[in-house]
Amino acid sequence: MFVRNCWYVAGWDYELPPGQILAKTIADQPLALYRKQDGTAVAVEDRCCHRHAALHLGEIEGDCIRCMYHGLKFDASGRCVEVPGQSRVPERAVVRSYPVVERDNWLWVWMGEPARADADLIPFSVGPGDPDWDMRPSSMRFEADYRLVLDNLLDFSHLTFVHRKTFGGEDFAASLPRISRMERGFRVERWVRDTPALVFTQHVMTGRYDMLIDYTVQLPCVFVMRFQVYEAGKATEGPSDGKLLLDTWTCQSVVPASAGECTYYFSWGASKATAGREVGDLLYAGIHKAFLEDKEMIEAQYRNIRRDPDRPVINIAHDAAVNQMRILLDRTIAAENAGLAAE
Amino acid sequence: MFVRNCWYVAGWDYELPPGQILAKTIADQPLALYRKQDGTAVAVEDRCCHRHAALHLGEIEGDCIRCMYHGLKFDASGRCVEVPGQSRVPERAVVRSYPVVERDNWLWVWMGEPARADADLIPFSVGPGDPDWDMRPSSMRFEADYRLVLDNLLDFSHLTFVHRKTFGGEDFAASLPRISRMERGFRVERWVRDTPALVFTQHVMTGRYDMLIDYTVQLPCVFVMRFQVYEAGKATEGPSDGKLLLDTWTCQSVVPASAGECTYYFSWGASKATAGREVGDLLYAGIHKAFLEDKEMIEAQYRNIRRDPDRPVINIAHDAAVNQMRILLDRTIAAENAGLAAE
Amino acid sequence: MFVRNCWYVAGWDYELPPGQILAKTIADQPLALYRKQDGTAVAVEDRCCHRHAALHLGEIEGDCIRCMYHGLKFDASGRCVEVPGQSRVPERAVVRSYPVVERDNWLWVWMGEPARADADLIPFSVGPGDPDWDMRPSSMRFEADYRLVLDNLLDFSHLTFVHRKTFGGEDFAASLPRISRMERGFRVERWVRDTPALVFTQHVMTGRYDMLIDYTVQLPCVFVMRFQVYEAGKATEGPSDGKLLLDTWTCQSVVPASAGECTYYFSWGASKATAGREVGDLLYAGIHKAFLEDKEMIEAQYRNIRRDPDRPVINIAHDAAVNQMRILLDRTIAAENAGLAAE
């Protein structure tokens, strides 16, 4: 149920300070991450090849990691370079290592064939380190199939219902967005015009506005959205002709730990040109409240599905992108399983 | 392992105030209960037909319930009457609804074929709303197969042992009651004569008494008992000829949530003609203490059975009603499974 | 995965005061232990033959145990001697009883065929009751396959790594001990010479020392070690010729409750001839701290193994005793399963 040949977010860069080992599980694979002396991040399987002890309980020595059960030492490529009590290192003494790229303050790990790891496949995003944007990073744990969170992101009609008290907006459910296919995902665009602000901002934004929602969802599970608020303009097609009041990005990644558990990494932030710190505080509080609403809904949905996995679904108009993404996911996984190229 | 064509208790009426949605699971079926504008209780499956979201996280609109994930709206019969974003409602967009009858302050839900739901099959009981009786309602969760609780109710010899410090009574184990067959269950009767009061009442009832225990256990899991205390009389057969001192009913229902979990709804109370409030307080405290004794015993028994489900049992004389009820249950379930009439 | 025909430690004697019933699970078998009037310990299956109620919720009557669900009474051999409500006791009404021997303050229970229970097979150990030794008993729960703890005990190279801050000692990983076969296990011996004291004792033992580590591991899971500290001597082979400063025993038993859980019973103590109470306090604190280190490491290892049980291991020189003990265990279990003699 997981795509292998793709970049997964293993965490925010601040989760991995030098000298510490970070344990993460992605798509049923336990990982131990650490930094080499030059700061480069390394990911190896969190399982010593000797007797399966957890390497995250180990110690960093230079660019190497030592298992602190019986002392086997591995270099950053996963090759064993020392076995206490003997001079010869068995050839098979290797732990798997995973390509890692640090970009936009995310630790990206390639979970598939290392030879196919192409950093150009990492989706665009805006990190908390970007000096022009006040991005605030966070994360949350969902006890659910990660695909249910993807579904959620691909159908914003739920804003009208799940987030009625936080985001709100009748238009999300009443009308359909424009959906277009990308190489490894989908783009969803929508202008909402002459409408009140998002509910959680209405105490400071009391007028009527045009809003742009423009996002991509890409394999395996990366969501990046431009959300802009304009003064309500007169245009009824194309971009708003009102004044740009607020320009924001939100970058999100839903990373499966196992079949029934995922970690949701997310940020939201405004351009420093359009907003001050207090707007960042507001967005940060707003997204947490809204994602807890999602969490409650999706975890209950997942429990229902687990209870009776074979029950059919009913499709409605808003499911278009949801269904297309599921087809893309299923095909990609099937192709990988068949040993074929994944795209 | 569950009878379908029967009335299950889904809760006490006070658990379902107007405007609120109550989630309950009965026999592996998740239910969402709510009240229509006229107060009538409704039960629908707690699973939206669209994407399996939980309807108990929804909202009541008039007599309808709206799924607050993507906004599908269902009437009290479970038929979808609105799909946001489209004018046409798919024909298959239906959630299952269950017949509900509110009687004696219990919410009775029919879990089988709706056409067979006959309110006359609801067993007699005395509710907390009855003005002549001071019935106190309560409930408790057991981590056990509900049939083990039925077994417990059908063999009062356990009072002598499990409830030695609360109910007590050597006679329960030493002698056998009279058991008779009913259409959908069993009746168990016993006179205990010239005996001390139940242990937990001995500080106020210091003499010797005759006691009537007269109860029915009916499919699927309803127990209703008349318990009366008389001054010790001279009669050795038939009703006591002593003076009636205390007249009580206890109404109980053991409702399976799943194979290994059940909810025990129960009440106990005296006639206002024979007792004041303080006796009600005493009975209420007594039954809770005793049922916690049952809970400890039955949950440990259930763990033993789960560890090794195929171990044979040994039958003793006190198992007569227990075994007959199990046969009735098994036959009823087998007949249902075979698609035949259940009686 | 368990040897049956052997003596398992069911607990320390102080866990079983007269008049109380102790519940323990060994190798998936639930046991109820109690003492007869003469103090002799009895172990019966913790499951009444009638309806599988837990006997540890029962009561002791003389030398018998009564099930407090429906009152069946069993003698110390497990034979039912009373069934309430009937005069005849069914012949099949028997609960399994297990041979018990109390020795060295441990309750030893034979989990296999009673006829093969030979007290001479109980391994030698030194109990807290021994007047010449200040042995301190304790226990700890591990969420792990008991064999992983056995592995741990059979390879002291882990002291260098897991216990670097508590025991320490570079020599354990750098050199190999002498291993010899016993009838039902292995003996492991090693002299460590001219070395600092164990880390947790270095505030009081500041010099350099010779140390003897001499232990046996016997089926199913009993570890007994003589640990001695000498003034650093001049001998490079055989016993140290330094002065004996500290003479200790540690007796340990790793008892499987189920496939994934075990109880670790252990003691450590010095001879009263070589040490006072404060040394006993030091050893007691030291072993707890070190075993918590083992617990963290082994439980994480067990989670890794459960996630992917079929992953191969890599063998290194230090695995010699580990692998031999696994072979002995597997052969013994296979022989038992084949109905053959177990040795």
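The values are calculated or read from the model by the stated rules, or taken from the named source; none is laboratory data. Everything numeric here is computed off the predicted structure, so don't read it as measured data. A quick note on method: Cβ atoms are made from the backbone with ideal geometry, for glycine too, and the neighbour counts reach across all protein chains shown.
Just a few scattered comments:
- Of residues in the stretch B:183-210 being assigned to a strand (DSSP E or B) and acidic (Asp, Glu), the one farthest from residue B:168 (Cα to Cα): B:189
- Whenever a residue of the stretch A:112-132 is closer than 21 Å to residue A:216 by Cβ, its partners that are among the small types (Gly, Ala, Ser) and surrounded by 12 or more Cβ atoms within 10 Å (Cβ to Cβ), lying with C-beta atoms within less than 7 angstrom and at least six residues away or across chains, give the pairs A:128/A:267; A:132/A:271.
- Near pairs, Cβ below 8 angstrom, 6+ apart or cross-chain, from the stretch B:268-297 (without any contact (Cβ under 8 Å) to a residue 40 or more places away in the chain) to any residue that is crowded, with 16+ Cβ neighbours inside 10 Å and in a helix (DSSP H, G or I): B:296/C:57
- Flag for residue A:51 being in a loop (DSSP other than H, G, I, E, B) and either in contact with a Pro (Cβ under 9 Å, 6 or more places away or on another chain) or at positive phi (or both): no
- Residues within the stretch A:255-272 that are hydrophobic (A, V, I, L, M, F, W, C) and within 17 Å of residue A:217 (Cα to Cα), tallied: 4
- Only listed residue being at pLDDT below 95 and either assigned by TED's automatic domain parsing to the domain that holds residue C:203 or more than 24 Å from residue A:67 (Cα to Cα) (or both), chosen from C:269, C:242, C:260, C:276: C:276
- Check on residue C:270, in a loop (DSSP other than H, G, I, E, B) and closer than 16 Å to residue C:128 by Cα: no
Residues checked against (1) closer than 16 Å to residue B:218 by Cα; (2) among the acidic types (Asp, Glu); (3) surrounded by 20 or more Cβ atoms within 10 Å (Cβ to Cβ):
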position: B:153; (1), (2), (3): yes, no, yes
position: B:161; (1), (2), (3): no, no, yes
position: B:165; (1), (2), (3): no, no, no
position: B:172; (1), (2), (3): no, no, yes
position: B:183; (1), (2), (3): yes, yes, no
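- Strands (runs of 3 or more DSSP E) wholly inside the stretch B:60-127 that include at least 3 residues being at negative phi, within 14 Å of chain A (Cβ to nearest Cβ) and in contact with a Cys (Cβ under 9 Å, 6 or more places away or on another chain): B:80-82
- Here residue B:255 qualifies as more than 26 Å from residue B:175 (Cα to Cα), surrounded by 18 or more Cβ atoms within 10 Å (Cβ to Cβ) and either in the same structural domain as residue B:221 (by TED's automatic domain parsing) or among the charged types (D, E, K, R) (or both).
- Meets criteria (within 12 Å of chain A (Cβ to nearest Cβ), within 27 Å of residue C:124 (Cα to Cα) and at pLDDT 95 or above) for residue C:153: no
- Residue identified as modelled with pLDDT under 95 and of a type in the set (Ser, Thr, Tyr) among C:166, C:160, C:216, C:201: C:201
- Of all residues in the stretch C:14-35 being of a type outside the set (S, T, N, Q), within 25 Å of the chain's Cα centre (by Cα) and not in a strand (DSSP E or B), the one that is nearest to the other protein chains (Cβ to nearest Cβ): C:28
- Residue B:214 being under 23 Å from residue B:326 (Cβ atoms), crowded, with 16+ Cβ neighbours inside 10 Å, more than 14 Å from every other protein chain (Cβ to nearest Cβ) and among the acidic types (Asp, Glu): yes
- A search for C-beta distances below 6 Å between a residue of the stretch C:306-326 that is at the interface with chain A (Cβ under 10 Å from one of its Cβ atoms) and any residue that is assigned to a helix (DSSP H, G or I) and crowded, with 18+ Cβ neighbours inside 10 Å, counting only pairs 6+ apart in sequence or on different chains, returns C:322/C:151.
- Of the residues making up the stretch C:160-182, those that are outside any loop (DSSP other than H, G, I, E, B), more than 10 Å from every other protein chain (Cβ to nearest Cβ) and in contact (Cβ under 8 Å) with a residue 12 or more places away in the chain are C:171, C:178, C:179, C:181, C:182.
- Within the stretch A:40-59, the set of residues being more than 7 Å from chain C (Cβ to nearest Cβ) and among the hydrophobic types (A, V, I, L, M, F, W, C) comprises A:41, A:42, A:43, A:44, A:48, A:55.
- Test: residue C:201 is in contact (Cβ under 8 Å) with a residue 24 or more places away in the chain and within 27 Å of residue C:325 (Cβ to Cβ): no
- Taken over the stretch A:102-130, the criterion of being surrounded by fewer than 18 Cβ atoms within 10 Å (Cβ to Cβ) and touching a strand residue (DSSP E or B) at 6+ places or on another chain (Cβ under 7 Å) is satisfied by A:102, A:119, A:124.
- Filter result for residue C:139 (of a type in the set (S, T, N, Q), outside any helix (DSSP H, G or I) and surrounded by 15 or more Cβ atoms within 10 Å (Cβ to Cβ)): yes
- Every pair of residues 6+ apart whose Cβ atoms lie under 6 Å, when the first sits in the stretch B:76-105 and is free of Cβ contacts under 8 Å to residues at least 12 places away in the same chain and not assigned by TED's automatic domain parsing to the domain that holds residue B:45 while the second is crowded, with 18+ Cβ neighbours inside 10 Å and of a type in the set (Val, Ile, Thr): none
- Checked against the criterion of being surrounded by fewer than 24 Cβ atoms within 10 Å (Cβ to Cβ) and small (Gly, Ala, Ser), the candidates C:23, C:43, C:53 yield just one match: C:23.
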